[in-house]
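Heads up, the thing below is written out as C-alpha cells.
Values in this text are rule-based calculations from the coordinates and carry no lab data. These numbers were taken from a predicted model, which means no experiment stands behind them. Cβ: placed from backbone, ideal geometry, glycine included. Neighbour counts: every protein chain shown.
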Amino acid sequence: MKQHRIARVSEAIREVAAETILFELQDPRIKNVTVTRAEVSADLQKAKVYVSVMGTQKEQDLCMHGLKHSAGYVQSKIASRLKTRFTPTVTFIRDDGVKKSIEMSRLINEALAQSRPEPTPDGTADEASEEGPGRQDVPGQRSSWLDSLFLFLRALMNMPTHTTNKQKVVTQLFAAIGKHVKPRPVEPRPVLEQFVYAMLRENATRDSADQAFQSIQDRFFDWNEVRVSSTLEIVEALDGTLSDAEARAQRIVDFLQEIFETTYSFDLEPLLEVLQKKGIKQASKQLLRFQAANDYAVSWVMQHSLGGHAVPLDPAALRVLKRMGLIEEQTDLETLHASIEHQVPKAKATQFVDLVSVLAEQHCHEDLPACSGCPLRTACPTGQEAKATVAATSKKPR
Ligand code: SF4
C-alpha cells in the first residue's frame, strides 16, 4: 500500500481510537489518556495505537490493562469507520512523548537562560563562562536547574486533572475549525527564511504571513537587498497584509544586519550541522543568540527546520488557549509549552497553530470575543460562561 494511504489510514485509526476512549469507554481504570499517534502495517493487519497516560505508576498500569481489555471494542469502531476488507488488530502502546516534550521545553528554557551572556563587572559579556567547565557550580545556574526541576514536577502534577476535558476541547477545535482550515504543510525553506517567516507569522494568520513573505520575495532581489532597504520600503512591500508592519520590518532588517555582521552571509544552515553533532539544545541555544530571537521564532524554527515538537505560541494564541481553558492563567512559558505539546501530537501541530490563529482573528478578538458566533462555544468554558451570563440577564424581572 502506498505511503500516503497508510498515513491516512493511521490518522483515521488515531482519530477513532481517541474519540472512542474519550466519549465511549466506561472503564473507570481508563482515565487521563491522550492518543498521540497510530501506526498501521502496510498490509493493514496490525495497528499500534500510542497513548500517553498521566498519573501514578499504578494508575498508568491499571489504565493500560483497561485499554488492553477494551481493544476489541475500539477495533470494532475502527472497522466501521475504515470499511476495508481487513480490520487491523489493535495494540495499545505507552508513549513517552510527553516526557520528551517537557524535556524539550526545559531545554529551550535552559538555552534561553544561558544564551544571554551575563554582564561581567566591567559591563562586557562573559563568553568564556558560558561553555566553561564547572558552570554547575555557579550559584545562579544551580537555582535555574532547581527551577527547571520544579517546573517539570509542576507540569506533571498539573496535567492529569484536566487532560480529558482539554482533549475534548482540542478535538472540538479540529472538528469545528478544521472543516474550513485544512491541514497544509509549511513550505520547506532554508533556516534563515523560516526565521524571517516566523517574524511575519507571529500574531498573524497563515494566509497573511504567506502573502507578506511572498511580497517581500517578489519585491527584493535577495536578503542583502532587504537588509540595506529602509523600513518604509519593506512596509510598502508588506502592502497592508499585516499589523505592526513597521515593527516587523525593523526587526527583519535588524536580524539580517546581525546575521550579516556575524557570518558575512545570509546562511543559517550550519545550524543543522550543530543539530546533528551536538543536539537540539545547542542548536536552539545558537539561535537564541540573535537579538531578534524570541520564544515564538525559536519554536517555529525548531518545529519546521530542526525537527522538534515545539508548538509556537504567540500572544494571540495564548489569549485563545487561555479562554478555551487549554492553558492556565499566569503560567510560565515552559509549563505552557509542555502542556500544549502534550495535548497536540507533533503531526497535528502545524494545523493546530493555523486553526488557533484563524480562531483568534475571526472570533476570539482581543477586546471582546465574539462567542455567540464562535463554532467552539459549546466546548469553550469562556463561551459557556458568556452564554450563561446572557441567559441570566435575559431572565431578570423587569
Ligand atoms: S467561545 Fe468565545 S472565548 Fe471561546 S474561543 Fe470562541 S470566541 Fe474565544
#### Entry: Too-long pairs where the Cα-Cα distance tops 32 Å, listed order kept, from K285/K346; K68/K281; K182/K387
K68/K281
### Query
Mind listing P(r) for the range 243-365? All alpha-carbon pairs, 10 Å bins, whole percents.
12, 38, 34, 15, 1
### Message
In whole Hz and in residue order, list the ³J(HN,Hα) couplings for the range 339-352 that follow from phi through the Karplus curve 6.51 cos²θ - 1.76 cosθ + 1.60, θ = phi - 60°; x for Gly and Pro.
### Response
5, 5, 5, 6, 7, 10, x, 3, 5, 9, 5, 5, 5, 4
### Query
For the range 359-365, what does the Karplus curve 6.51 cos²θ - 1.76 cosθ + 1.60, with θ = phi - 60°, yield as ³J(HN,Hα) per residue in whole Hz, taken in order and with x for Gly and Pro?
4, 4, 6, 8, 10, 8, 5
### Task
May I ask you to order 351-361, 205-215 by the average number of other C-beta atoms within 10 Å around their residues, highest value first?
351-361, 205-215
### Query
Whole-Hz Karplus ³J(HN,Hα) for the range 265-275, in order, using 6.51 cos²θ - 1.76 cosθ + 1.60 and θ = phi - 60°, x for Gly and Pro?
7, 10, 10, 10, 4, x, 4, 5, 5, 4, 4
### Summary
Counted neighbours (other Cβ, 10 Å), sorted fewest up, put E366, E202, E329, E236 in the order E329, E366, E236, E202
### Message
5 Å is the cut-off here: which amide hydrogens, built 1.01 Å from N in the peptide plane, fall below it relative to T36, excluding neighbours closer than 5 in sequence?
### Response
Y50, V51, S52
### Extent along principal axes [Cα atoms of the range 3-95; Å; largest to smallest]
37, 21, 17
### Message
If amide hydrogens are placed 1.01 Å from N in the peptide plane, which non-local residues have theirs closer than 5 Å to the one on F92?
### Response
V49
